[in-house]
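For reference, the structure is listed below as structure tokens.
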Amino acid sequence: MNSEIKHTKKVPARRLFFAIWPDAALSRRLDELAGAVKKQAGGRVQKRENIHLTLRFIGAVDAETEQCLVEAAATIRAEKMQLNLDTLGFWPRPRVAWIAPGQPPAALAELAAKLEALCVACGIEAESRAFAPHITLLRKVRAVQRMPEFSPLIWPVDEFVLALSETLQEGVRYTVLQRWSLV
Ligand code: 2AM
């Protein structure tokens with residue numbers, strides 16, 4: 001065999017997204033709320049450790065693009081904010097029940113816009129759909145007659161993350177890869 005030949009292993013693309021991630025206490029409260037919604041609406045609760053709000057779904061990218069995203073994310077300057085999670089909702093087509101801030105602060109859309117620009121600069125196709133901030137609580141929900149009574153949850157947001165999405169036999173697993181502070 002020719003020892004000059006280099007065997008370069010192709011690194012598989014990784015499925016990524018930018019998000020904000022609740023701390024353990026807020027995740028627990030969101031998980032409890034998901035349980036209350038399930039009693040009224042059925043469906044399958046999102047695993048507690050998977051609960052998050054997507055800022056920009058990226059999809060599968062190669063290592064070079066991932067590196068570009070990580071380097072660009074470090075240059076982002078965006079404001080800290082507080083989200084008032086006061087609205088429960090249901091989208092029949094993806095069959096998802098969610099919670100969202102009814103009146104999101106401008107800082108949230110600004111952060112999402114900065115991430116959108118960053119993705120495009122790294123060669124990712126522009127997102128054609130409008131940013132619809134939400135936290136998925138349940139999937140496979142068929143119909144919702146009523147939502148439970150609940151007290152709004154306040155979420156102080158001081159960082160954003162890049163997360164990895166993997167589909168395993170036991171279900172989807174999200175892993176936070178990197179975190180960046182808001183200012
Ligand atoms: P969902 O919770 O509403 O399903 C990881 O998959 C995250 O990215 C989830 O929050 C998911 O939103 C979102 N996501 C998955 N595929 C997407 C797509 N094609 N466009 C926008 N967001 C997507």
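Some observations on this one:
- Qualifying residue in segment 153-164 (condition: of a type outside the set (D, E), touching a residue at least 60 places away in the same chain (Cβ under 8 Å), within 16 Å of the ligand (Cβ to nearest atom) and in contact with a Ser or Thr (Cβ under 8 Å, 6 or more places away or on another chain)): yes
- Looking only at residues in segment 113-138 that are closer than 10 Å to W98 by Cβ and not β-branched (V, I, T), the one that is surrounded by the most Cβ atoms within 10 Å (Cβ to Cβ) is L137.
- Output for segment 95-107, where each listed residue is within 19 Å of V144 (Cα to Cα) and within 16 Å of the ligand (Cβ to nearest atom): R95, V96, A97, W98, I99, A100
- Residues being under 20 Å from R29 (Cα atoms), touching a residue at least 24 places away in the same chain (Cβ under 8 Å) and not aliphatic (A, V, I, L, M) - total across segment 128-152: 8
So that you can scan it fast, the table gives a plain yes or no per residue for (1) outside any strand (DSSP E or B); (2) within 13 Å of the ligand (Cβ to nearest atom); (3) in contact with a helix residue (DSSP H, G or I) (Cβ under 8 Å, 6 or more places away or on another chain); (4) among the small types (G, A, S):
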| site | (1), (2), (3), (4) |
| --- | --- |
| K39 | yes, no, no, no |
| E49 | yes, no, yes, no |
| R56 | no, yes, yes, no |
| E66 | yes, no, no, no |
| A72 | yes, no, yes, yes |
| R77 | yes, no, no, no |
| D86 | no, no, no, no |
| R93 | yes, yes, no, no |
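- Failed item in (1) touching a helix residue (DSSP H, G or I) at 6+ places or on another chain (Cβ under 7 Å); (2) under 30 Å from C68 (Cα atoms); (3) not in a helix (DSSP H, G or I), with T167 passing the rest: (1)
Laboratory data are not the source of any read-out in this text; all were calculated from the coordinates shown. As the structure is a computational prediction, the values presented were derived from the model and not from experiment. Neighbour counts are summed over all protein chains in view; Cβ atoms, including those assigned to glycine, are modelled from backbone coordinates with ideal geometry.
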